[in-house]
Every structure is written in C-alpha cells, then in structure tokens.
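**Student:** Take this structure first; my questions come after.
The values are calculated or read from the model by the stated rules, or taken from the named source; none is laboratory data. All of these numbers come straight from a predicted model, not from anything done at the bench. For neighbour counting, all protein chains shown are included, and Cβ atoms are generated from backbone atoms with ideal geometry for every residue, glycine included. Accessible surface areas use protein heavy atoms only, side chains included; no ligands, DNA or RNA. Shrake-Rupley method; radii C 1.70, N 1.55, O 1.52, S 1.80 Å.
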Amino acid sequence: MNRKLHIAYFLSAVNEFVGGADQTLFMQAYLMSSVNEVTVILPCDINGKYNTIFQKKCNDMCLNYKIMKYDAAYSIRRINAVGYLDAAREIENFVTNQKIDILHSVQMNPAVEYVAGKCKIPHVMNIYSLDAWEWQIPYSKILPRYVSSDSVFFLEKWKEYLQCSGKCIRVYSGIKVNKNYLECHKETMVLGTSGTLCEYKNQLEVIKAVETVIKQGRRIRLLLAGSRESAYGDECREYIKSHHLQDSIKLLGFMEDMSSFYEQIDVLVCGSKRESFPASIVEAMSCDIPIISTPVAGVPEILNNGTNAYITEGYSADSLAKTIEKLLGDHNNGNLYSLLENARKTYDQFFSGEAVKKQLSDLYHDMLSQPALQSGEITFHAELKRQIEPLIRRVKKTGITREDAEEVYSRMLYFMQIRDKITAKECYIWGAGKWGRLTKIILDSFMEEIHIRAFVDENKAGYFEGIDVIKKEAMVLQGDIAVFIGFMSGQEKAVEYLNNKNMEILKSVFIVA
C-alpha cells in the first residue's frame, strides 16, 4: 500500500459503555493512524446522545472524530432497517467530501453498507459470535460483502453465511502493566474476570469454581470487573451473599480504567460459553498475566493447554476448579515460568501492535485490489423501504412512544425474514414486561391474525395489556401453537424448557427481545 489512505471507522456504542467489540475497532483505528489518515465515527441516538467515553479516548489519543446518527446491530434479529437510508445521506456526504477510501465498521450497519455500494468503495465489518439459531435466519442483502473476525472459527461461519470475503484480524489491546508477582511467593493469588455479567460469559460458574478451590484450603480471591446491572448480575450477587463469600469474591462493576484492574489480579479467568476470541485474554497476555480459559470458539486456535495457557475441558464449575488447581500447582513448582514465556511469544506473533497492523494492511490491500463488491443493487434498498413503510404506519397507529417505536423498528426486518416460518394461529408471549408489551405491538401490527392466548411470567399474575398472565406450566403446548420470547435475561433457560416440550426455535419458538 504505497499511498496514504483515508479510513473511516464506525463505532456502534451510543451509551456510556466500552464494550470489547468497539474497543477492538477503536484500537485498530489507533494502530492505522500511524500510517494513514483516520477518522473515528461516533454514533448518536435520536436524542443526540453519544458515547463521551470514546470521545475522550479520541481526544487523548489525538484521533479525528465525527458524530453521526446511525444504528448498528450486534445480532441478526436486531438490525434496524427503518430510516437507515436517511442516516446514509449524512454518511454519503461525509464520505464524498472527505474522499474516504475505506469504510470499516463494527457489528451490522446497513447505512454504511449502502453508502459503500453507492460510492463504490470497500466496506469491511468486524463481526463476532451469534446464537447458533441465528444462522438459520435468511440472509439479507443489506449485510456487507467483506468481513473481519478475531477468530478463524467465526470468520468461516460468516463467510459461509454471507458468501463473502474476509480475513482474521486479531485483537490489539494497548494495555500494558508490568507484573512481577512470580518473582516472589504469594500467599493469596488474586483471580479476575472481565466483562459484563451475563449468562454467556458464565461468571457464576467461575464463582462456584473459586468457592470449591477455597473449600479445598487454597488461599485465593476473585475480582469480577464488568457491569452487574442485570438479572444475571443479581443472581451472582445473591450467590456470593448466600454462600458467605463476600470476603473472597468482589463484584467491582464497570471499570473505565482496565489497567487498574489488571494491576490487581494475578490470573485472568475466562469462563465464556459463547465468544469469538475474548479481548480480555489479549489484555491480560499483554500484561504477562497467565490465562485460564474455556475452549470457546477461537481460543484453541491460539492457546494450547499447558503450553501458553490453561484450557479447561468444559464450561462447568468443576472443570474450571480443576484447572485453577493445576495453575496453582504450577505456580508453586515453578512450571508457570516457561508457560508465561511461551505466552509472551504468542502475544508478539499474533496480538502485538506490529502484528495486527500488518494483518489490517493486508486486508485493506486485498479489498482495494479487487473490484468493489456490493451487497446488492441500489434498487434492493429502495424495494426494502417500500415494503417497510406500510408496517411503520401500522406501528404508529398504536400510539407508541418514539423510544419504543425504535425498539420495534429494530425487529421489523427480522420479522420480514422469518415471516414464512411463523405458521401458528395462536401463541403465548413469554414475558410480561417491556419486551412482552413490545412483542404484542409487533404481533398486532404485523400478524394480527395470530391470537394471543396469554402472557407467561413467573413473577407476575393477573392481567397484562388486558390479557391473562399465567405460569409457564399452564401453557398448553399442543397443536398449532407458538411461543414468542419477550424478555432479555434467561432466554437460554426458556428455550431449554421449550425444547424439552418438543418445541424448536424458528419453528414454534421465536425470540423477539
């Protein structure tokens, strides 16, 4: 690549939150700013709110930035296809005026893909893990034709799903903490996890594993960094309290300065059940902190048990506890030294600034050397808009608030994609809260022929939206019936319950929230 390029990096987070996906793209922008002209694009919502944490990061790292309104989705069912052509107009003006050569986004961003096709410039999307069932949702042409992933595992899945080109680009963290705890005896080892407390990150099993090891007489503590404001976070907090673990296990909540977290811990534990390649692993490796991880997705591509990390056999507390015991034993007998040396070599080869910069440069070179690929003719976007407009009018007739309408719009394309799969004439809506109410609006607006038998909720009774609220055991799951899941936390358990009743996702079970 002989000339200096102008690359625009489109983040996805509006709220005051630093997620791993956005942080990865931001650090890619930072790396490439040393050899190219870079602009970071911060999204704002309908009220003009944007992420001031990333704004501060741009200022601190001397990166140009611009604020624009657009939507990005982290799953197929959350792509907002309403109004993205309006958002695309500002993006197109920016791309044209600034003579942008490459568009690089994170998550699924139809506005950016539309502009790429119209302006005949390449657009690459950083993509990550999906729930297994989402690969069954019919492909939409508004998704990109170039992708990058931090694991080969998910890169190949996305390439097959989208029939597109792409490369594996590893994570660069930029965090550096000097650790020398191995040079002296430590009476108490401090373990840490990093990431929002949620089911797929599996922190509760890590907590239970640490409890097991403590009961075996080991002196260890556990620090959990990440937002805990969720039902799953409440479950973790209650377990710690009810099992009297407050002195050994601490929930730190969201931490903006992750360097201070890595300074406190001696071992990073990743218990994830669904992930592409956990950014926390790379952050810890950059600080010479040993890794314990589950064999999730792309982890076995880079890390080998007993060579440069400790990999569990499974995802249970028992498997995690056995692996923690193995690390503690290696720390005591000195075997951890050689493992850490191998981990340093691994980091330099795959995750160092120079390594990732080379990976990105190769990707951009390949994209620019090929004819511009498009997700579909511009006429497809016009046809999609024509199909969606009458649905929007139906939603507005319900008297819905502006904020709730945006949530409904984010499921509109998904319902259009799966409409042919919904054959039931009657249904239950599982969840008598915000998303239960929105699910009813969706059904009333798009599939009014489906009769809602009842809302299902374990914590409520009586009526909701004028309809009976029942317990899950009271559902009659026979005949031509569907269940729409209208709540966020605990979806996996609900799906498992329904699977045991011979109901399947995208046949008789449909996740809405």
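**Student:** Number of Lys-Lys pairs in the range 3-132 under 18 Å by Cα, sequence gap 8 or more or different chains?
**Tutor:** 9
**Student:** Work out, step by step, the length gained on full extension between Lys159 and Lys326: first 0.36 nm times the residue separation, then minus their alpha carbon distance; give nm to one decimal.
**Tutor:** Residue separation times 0.36 nm, minus the Cα-Cα distance, leaves 56.4 nm.
**Student:** Output the relative contact order of the chain, whole-number percent, from Cα pairs under 8 angstrom with separation of 6+ residues.
**Tutor:** Result for the chain is 13 percent.
**Student:** Ok, one more. Probe radius 1.4 Å, ligands and nucleic acids ignored: give me the carbon and sulfur share of the accessible area of the chain as a rounded percent.
**Tutor:** Carbon and sulfur atoms account for 46 percent of the accessible area of the chain.
**Student:** Right, another one. At 1.4 Å probe radius, can you tell me the per residue accessible area of the chain in Å²?
**Tutor:** Here the per-residue accessible area is 43 Å².
**Student:** Lysines within cross-link reach of Lys273: Cα-Cα under 16 Å, excluding same-chain residues under 8 positions apart?
**Tutor:** Leaving aside lysines fewer than 8 places away in the same chain, those within reach of Lys273 are Lys201, Lys208, Lys493.
**Student:** Still on this structure, I have one more. If you count, for each residue, the other Cβ atoms within 10 Å and average over each peptide, how do 152-165, 95-108 line up from highest to lowest?
**Tutor:** My ranking of the peptides, most packed first, is 95-108, 152-165.
**Student:** Report, ordered by chain and residue number, the lysines lying within cross-link reach of Lys215, taken as a straight Cα distance under 20 Å and ignoring same-chain residues fewer than 8 apart.
**Tutor:** Lys186, Lys241, Lys250, Lys322, Lys326
**Student:** Could you check the spin-label model distance between Glu449 and Asn499? Points 7 Å from the Cα along Cα→Cβ, value in nm.
**Tutor:** 3.1 nm
**Student:** Given H placed 1.01 Å from N in the peptide plane, which residues other than close sequence neighbours of Val456 have an amide H under 5 Å from its amide H?
**Tutor:** Ile429, Trp430, Gly431, Ile470
**Student:** Among DSSP beta bridges lying fully in the chain, give the percent that are antiparallel, nearest 5.
**Tutor:** Percent antiparallel among DSSP bridges in the chain is about 10.
**Student:** Here is a follow-up. Can you sort Glu313, Glu256 by 1.4 Å-probe accessible area, starting with the largest?
**Tutor:** So the residues, ranked largest to smallest area, are Glu313, Glu256.
**Student:** From the phi angles alone, apply the Karplus equation (6.51, -1.76, 1.60; θ = phi - 60°) to the range 425-432 and give each ³J(HN,Hα) in whole Hz, x where the residue is Gly or Pro.
**Tutor:** Once θ is set to phi - 60°, the couplings for the range 425-432 become 9, 10, 7, 10, 10, 8, x, 10 Hz.
**Student:** State to the nearest 20 debye the size of the charge dipole of the chain about its Cα centre, where the only charges are +1 on K and R beta carbons and -1 on D and E beta carbons.
**Tutor:** The calculation lands at about 680 debye.
**Student:** Considering the dipole of the range 24-130 built from charges on the beta carbon (Lys and Arg +1, Asp and Glu -1) around the Cα centre, which of Thr24, Tyr74, Thr39 is farthest to its positive end?
**Tutor:** Tyr74
**Student:** So, in nm, how far is label Asn178 from label Phe94 when the simple model puts each one 7 Å beyond its Cα toward the Cβ?
**Tutor:** 4.0 nm
**Student:** At 222 nm, what helix-only mean residue ellipticity would the chain give, in deg cm²/dmol to the nearest 500, using -39500 (n - 2.57) for each DSSP H run of four or more?
**Tutor:** Calculated at 222 nm, the ellipticity per residue is -12500 deg cm²/dmol.
**Student:** A follow-up question, please. With unit charges on the beta carbons (Lys and Arg positive, Asp and Glu negative) and the dipole taken about the Cα centre of the chain, which residue among Thr307, Met61, Ala8 sits farthest to the positive side?
**Tutor:** Looking along the dipole axis, the top candidate is Ala8.
**Student:** So, one more: What percent does the relative contact order of the range 441-513 come to when contacts are Cα pairs within less than 8 Å and at least six residues apart?
**Tutor:** Normalised by residue count, the contact order of the range 441-513 is 23 percent.
**Student:** Could you work out the relative contact order of the range 35-149, using alpha carbon pairs under 8 angstrom and six or more residues apart, expressed as a whole percent?
**Tutor:** Across the range 35-149, relative contact order equals 20 percent.
**Student:** Quick one: which of 9-22, 277-290 comes out on top by average Cβ neighbours within 10 Å, and what's the full order, highest first?
**Tutor:** Packing proxy ranking, top to bottom: 277-290, 9-22.
**Student:** Grab the beta carbon distance between Arg402 and His243, set R0 = 41 Å, and tell me the FRET efficiency rounded to 0.05.
**Tutor:** 0.40
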